[in-house]
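Here the structure comes first, spelled out in structure tokens, and everything after it is commentary.
Bear in mind these aren't lab numbers, they're just calculated from the coordinates by the rules spelled out. Computed from a prediction, not measured in an experiment: that's the story for all the values here. Positions of Cβ are backbone-derived with ideal geometry, glycine not excepted, and every protein chain shown enters the neighbour counts.
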Amino acid sequence: MDKLSFTISVDVDGVVKRAGQLENLIVDPGAKIRDITHDVTSKEIVYKEDSITFCKGDSYNLDRATEIFEKSYALDHPLTAKELADIICDFEKEARVKFFWFGGVDVHHIYFEAFDQVGPKKYQIYWGS
């Protein structure tokens, strides 16, 4: 999983705009996610465990988070990079509506940076902008 590198596209039913004079991309509160997609095509096996859990908190530091969302996936075969990215997008569709960026869904952080293993088969995902 260390070699994984990709971007996601967050399709929302609102207008994506800049936050004032900042470079941050935002959407108005209430905008809904229609889909999250990625650009990964690799069929290289990147994950061989029987399950994986992703978690996200209202703080990048989970130890300081007051709310944490997590979702687990049972796996019946090793995952390719594309399959792992598919699962990550599925997770992000649910997680991004629970934590806000400038009051709306986070459409700004789209560059996958890394995983932080926070438990057995459990990972926090780091996104860059």
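The figures follow:
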item	result
The chain - percent relative contact order, Cα under 8 Å, separation 6 or more	30 percent
Cα-only Debye scattering, region 61-121: base-10 log of I(q)/I(0) at q = 0.13, 0.14, 0.23 Å⁻¹	-0.43, -0.50, -1.31
Only Lys, Arg (+1) and Asp, Glu (-1) charged, at Cβ; region 78-126 dipole about Cα centre in debye	120 debye
Fraction of the pair-distance distribution of region 7-118 above 21 Å, Cα-Cα pairs, percent	41 percent
Chain lengthening between Ser51 and Glu113 when straightened (0.36 nm per residue, less Cα-Cα)	20.2 nm
In order through region 36-48: 3J(HN,Hα) via Karplus (6.51 cos²θ - 1.76 cosθ + 1.60), integer Hz, x for Gly, Pro	10, 10, 9, 10, 7, 10, 4, 9, 5, 5, 10, 8, 10
